[in-house]
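See structure below.
The values are calculated or read from the model by the stated rules, or taken from the named source; none is laboratory data. As the structure is a prediction and not an experimental result, all values here were calculated from the model. Here Cβ is always computed from backbone atoms with ideal geometry, including for glycine, and neighbour counts include all displayed protein chains. Protein only, heavy atoms only, side chains kept; ligands, DNA and RNA dropped before computing areas. Shrake-Rupley method; radii C 1.70, N 1.55, O 1.52, S 1.80 Å.
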Amino acid sequence: MALVPWACCPWLVLLCACAWGNPKPVDLQTKDVRNCSSSPQYLPVTVVNTTEKLTALRQQMHTHNLSAYIIPDTDAHMSEYIGEHDKRLAWITGFTGSAGTAVVTMGKAGLWTDSRYWTQAEREMDCNWELHKEVGTAPIVNWLLTEIPARGHVGFDPLLFSIGKFFLKSLHLSTAMKVTQVPWDVKK
């Protein structure tokens, strides 16, 4: 049996195997997700600039006297798979995940999604958007109650909400503000 010259030093083989087999982990968090708190802001190449879209939506909100507008991740048929022309949430936010709700006020914009999509949202949204890591109706309603003035008007497209979602949201909001049905009218 032929011996390899380095076979007499098993510790050296083990050391080399550990060094080559376990490279140092790369911190991807600093390279592929947005950092809106740094100066200048860091945005990965996957981010979509939504400034013009938000400006257009806010102009429509002003026209309809709305303080906030809610954009769900659904289409008019409540389909599981949404056609490209119905992806309102992706168009306005840049976020392409399949679960989320966006709310736009005259001064802020927020996206609520679950933990499956937090990293994806940080990679796709620009700094116009706040990512809220909560799900359900209550966090959105609480945020609206703190962000918009008393008796403010909240708009949404009635074709994009199921009866259950509509009544749940309007029940929570009705005591503090007016809920207004306004169809989606921002031009793509």
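With every protein chain in place and a 1.4 angstrom probe, the accessible-area ranking of V154, V48, V135, largest first, reads V135, V48, V154. You can think of it this way: the chain between V48 and Y81 has 9.7 nm of extra reach, that is 0.36 nm per residue less the Cα-Cα gap.
Please calculate how many Å² of accessible area the range 54-138 carries per residue, with a 1.4 Å probe and no DNA, RNA or ligand atoms counted. Display every interim value, and only then the final one.
Working: 3940 Å² over 85 residues.
Roughly 46 Å² per residue, with all protein chains present.
As a fraction of the 1.4 Å probe accessible area of the range 50-181, surface on carbon and sulfur atoms comes out at 54 percent. Placing +1 on each Lys and Arg Cβ and -1 on each Asp and Glu Cβ, with no other charges, gives the range 50-181 a dipole about its Cα centre of roughly 440 debye. Only protein heavy atoms count here; on that basis, with a 1.4 Å probe, K108 has an accessible area of about 80 Å².
Sorted largest first by accessible area at a 1.4 angstrom probe radius, with every protein chain in place, the residues L159, L89 fall in the order L159, L89. Using θ = phi - 60° in the Karplus curve 6.51 cos²θ - 1.76 cosθ + 1.60, the 3J(HN,Hα) couplings for the range 63-78 round to 4, 8, 6, 9, 8, 8, 9, 9, 10, x, 9, 10, 10, 5, 9, 6 Hz; x is entered for Gly and Pro. Between T55, T113, A68, the Cα set farthest toward the positive side of the dipole of the range 50-181 (charges on each charged residue's Cβ, about the Cα centre) is that of A68. At the residue level, W118 shows approximately 80 square angstrom of accessible surface with a 1.4 angstrom probe and all protein chains present.
Note on L145 and R116: their simple-model spin labels are 2.9 nm apart, each label 7 Å out from Cα toward Cβ. Computed with every protein chain present, the accessible area of H77 is close to 150 Å² [probe 1.4 Å].
Within the same chain, aspartates and glutamates fewer than 8 places from K53 are excluded, and of the rest, those with a Cα less than 13 Å from its Cα are D126, D185. In terms of overall dimensions, the range 50-181 has a Cα radius of gyration and Dmax of 13.7, 37 angstrom. Put the Cα centre of the range 96-157 next to the Cα centre of the range 27-88 and the gap is 9 Å.
Overall, the range 35-127 carries a charge dipole of about 300 debye about its Cα centre when +1 sits on the Cβ of Lys and Arg and -1 on the Cβ of Asp and Glu, all other atoms neutral.
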